[in-house]
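**Student:** Below are the structure tokens for one structure; questions will follow.
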Amino acid sequence: MKNDKSACLSASFLLLSVMGVLSACATTELATRDVGTLQTVGTHVLLNGAAAAAGRTTPIRSGDVVVTGPDSAALIEFTDGGFVVLDQDTDPLWTWEAFGGASCIVMKIVRGQAYADKHKLCVHSPATDVLVGSSVNIAVSQSGAAVTLLDGRVIFETPQRAVLEPGQEGVVTLGIPRVRVTNLTSAELRQRVAWVSRFFGSLPTPVPTPTPVPTRPTPVPMLGGGTGTGTGTNTGTGTNTGTGTSTGTGTGTSPGTSTGTGTSGKVYLVAPPPAPTTPAPTTTPPRHTCGPHGAGC
């Protein structure tokens with residue numbers, strides 16, 4: 001019995017050791033995995049503290065830091081598809097990390113602005129953590145972060161869970177545990193990504209028409225009053241005279257509490273349509289028939 005117990009413990013320790021080795025291997029593999037290739041615009045782009053090569057692509061690996069300076073930008077094309085554009089004065093750290101059995105490229109940004117077009121990108125900033133899907137603009141400052149979704153979907157994980165739809169912007173203020181979501185107009189969406197064309201004029205920046213905000217229809221009020229005498233269920237024959245374009249006698253139903261023959265008046269804020277008119281009948285003069293040789297004419 002004692003030998004069986006020792007064998008079970010030995011097997012458990014062996015399994016834990018194998019799992020630890022596999023986890024360490026996975027971590028090591030992610031730590032050295034390629035992120036993408038870097039292209040630069042301007043002369044102030046640093047890769048791990050050294051000037052990035054201008055005029056050619058440079059590999060970016062997990063753990064690399066790209067910093068753009070004044071009047072400079074960078075374009076990174078990811079190994080798993082998609083791209084990101086970095087505005088001037090932006091400083092992201094790039095890593096591959098595992099989340100719940102899946103891996104994701106993580107952009108850890110403290111300051112600056114980026115436009116990403118990628119099916120899956122994890123973004124970490126001091127104010128929020130978001131999962132990006134498709135086209136999005138991200139602006140990070142000391143006070144917080146603003147995430148503008150042009151197409152696809154964005155999920156905020158912190159400081160609270162929130163989901164953006166195309167045409168919406170989520171703003172997080174550092175220290176305030178909420179995401180403020182607003183709908184933007186097409187003009188506002190274009191303004192958010194206008195900086196991209198300064199460095200990459202031909203870069204596609206789709207701007208869909210945002211989802212319209214439903215508005216409550218405004219009813220057209222009607223004002224009026226009148227007098228009447230009788231009993232019944234609000235139906236009767238009477239003469240209706242009002243400020244408008246027509247006066248007539250007819251049978252109808254009107255809101256109120258009395259019914260009968262009387263005179264009532266209504267003031268329309270919108271003029272009622274004109275009453276139909278019947279055209280006057282036309283007569284055809286009789287034809288004269290002449291007999292032979294003009295007889296009867």
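The values are calculated or read from the model by the stated rules, or taken from the named source; none is laboratory data. No experiment lies behind these values; they were computed from the predicted model shown. Cβ: placed from backbone, ideal geometry, glycine included. Neighbour counts: every protein chain shown. Quick note on the areas: whole protein, heavy atoms, side chains included, nothing else; ligands and nucleic acids left out. Shrake-Rupley method; radii C 1.70, N 1.55, O 1.52, S 1.80 Å.
**Student:** With each label point set 7 Å from Cα along the Cα-Cβ vector, what nm distance links A194 and E157?
**Tutor:** With each label placed 7 Å out from Cα toward Cβ, I get 3.4 nm.
**Student:** Per-residue accessible area for E97 at 1.4 Å probe radius, Å² rounded to 10?
**Tutor:** Its heavy atoms expose roughly 50 Å² to the probe.
**Student:** I've got another one for you. Step by step: find N for the range 141-187, compute 2.2 N^0.38 Å, then divide the Cα radius of gyration by it. What's the final number?
**Tutor:** For the range 141-187, the normalised Cα radius of gyration comes out at 1.11.
**Student:** Can you give the extra length, in nm with one decimal, that the chain gains between L93 and V110 once fully stretched, where that is 0.36 nm per residue apart less the Cα-Cα distance?
**Tutor:** 5.2 nm
**Student:** What do you get when you divide the Cα radius of gyration of the range 116-201 by 2.2 N^0.38 Å, with N the number of residues?
**Tutor:** 1.02
**Student:** In the P(r) worked out for the range 39-130, what percent of Cα pairs fall beyond 18 Å?
**Tutor:** 40 percent
**Student:** For the pair E77 and R178, what calculated FRET efficiency results from E = 1/(1 + (r/R0)^6), where r is the Cβ-Cβ distance and R0 = 22 Å, to the nearest 0.05?
**Tutor:** Once rounded, the FRET efficiency stands at 0.05.
**Student:** What's the ranking of 139-151, 38-50 by average number of surrounding C-beta atoms within 10 Å, highest first?
**Tutor:** With the highest mean Cβ count within 10 Å placed first, the list reads 139-151, 38-50.
**Student:** Any chance you could tell me what percent of the C-alpha pair distances in the range 39-88 go past 13 Å?
**Tutor:** Cα-Cα pairs in the range 39-88 separated by more than 13 Å: 53 percent.
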